1. Largest first and in whole Å, give the semi-axes of region 180-227's equivalent ellipsoid, each being the square root of 5 times a Cα gyration tensor eigenvalue.
2. Could you state the accessible area per residue of the chain in Å², with a 1.4 Å probe and every protein chain left in place?
3. Over its Cα atoms, what ratio of radius of gyration to 2.2 N^0.38 Å does region 18-158 give?
4. Return the Rg/Rh ratio of region 33-94 with Cα-based radii and a Kirkwood Rh.
5. Heavy atoms only, probe 1.4 angstrom, no DNA, RNA or ligands counted: give me 29, 130, 136 ranked by accessible area, highest first.
6. Kindly sort 141, 127, 80 by accessible area of their heavy atoms, largest first, with the probe set to 1.4 Å.
7. Among the lysines, which have Cα under 20 Å from the Cα of residue 39 when same-chain residues fewer than 8 positions away are ignored?
8. Suppose R0 equals 30 Å; then what is the FRET efficiency for residue 201 and residue 141 from their Cβ-Cβ distance, rounded to the nearest 0.05?
Amino acid sequence: MAISDWHEHDRPREKLLRFGPTTLSDAELLAIFLRVGVKGLSAVELAQNLLDHFGSLHALLNSDESEFCQAKGLGQAKFVQLKAVLEMSRRHFESGLQKGDAFTDPEAVAHYLTHLIGFQQREQFGVLLLDQQHHLIQFEVLFTGTLNQASVHPREVLKTVLENHAAAVILTHNHPSGDPNPSQSDLELTETLTQALALIDVRCLDHLILGDFGRWHSLAQHNQMSD
């Protein structure tokens, strides 16, 4: 049965307009993005097949161009559209955070960072560089790969902070495993960097760890930051 034959309240577009985007499933949201299905499959059925193929919406959004374009019903045009949507979403969050001192709000910052590194399949360690009013100067990814005190060098973090004249920072990295809870290595790394930054009179406000499905962990919120 074509989507046009469904009850109006069950059609993804109409359902979104009537009840809001949060009421839609991953497949329904993806179907709106796809717009049309393929022979023998409605847009929703195609969307569900794609989610089954990639394993999750998270994996689909994080797929590279080659993997994305090989899937049935997708192609380079859709890949470009998807990347444009993700970039608009990132800029939307950044624009909202520029107002006031929103970079002290862990939830807002976590949502913003998720669009930057949350979907990466390898661990990435980055730093939000902030001015004295906690407004964003810029965000930089400094290290990629398995992260620990040996691979994340304090001197590189301090160099970046000094070059950008930052007064405060928020540390962040993602956990490709999906579990945002900090490891002992994460806690030790945070303490090392916090102490190093204090030597140049720069405050480390938080260390946010990003998991999957929008999950995140704030060390500051859980009183896991050294004084």
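1. Details: eigenvalues 89, 22, 14 Å².
With the √(5λ) rule applied to region 180-227, the semi-axes are 21, 11, 8 Å.
2. Values: 12260 Å² over 227 residues.
It amounts to 54 Å² per residue over the chain.
3. Values: Rg = 18.3 Å, N = 141, 2.2 N^0.38 = 14.4 Å.
Dividing the Cα radius of gyration by 2.2 N^0.38 Å gives 1.27.
4. 0.98
5. Ranking 29, 130, 136 by accessible area, largest first, yields 29, 136, 130.
6. Numbers: 141 65, 127 0, 80 90 Å².
So, going from the largest accessible area down, we get 80, 141, 127.
7. Filter leaves 72, 78.
8. On the way: r = 24 Å, r/R0 = 0.81.
FRET efficiency, residue 201 to residue 141: 0.75.
The values are calculated or read from the model by the stated rules, or taken from the named source; none is laboratory data. Please read these numbers as outputs of a predicted model, since none were measured by experiment. Don't worry about glycine lacking a Cβ; one is built from the backbone with ideal geometry, like all the others, and counts go over all protein chains shown. Ligands, DNA and RNA are excluded from the accessible area calculation, which covers all protein heavy atoms including side chains. Shrake-Rupley method; radii C 1.70, N 1.55, O 1.52, S 1.80 Å.
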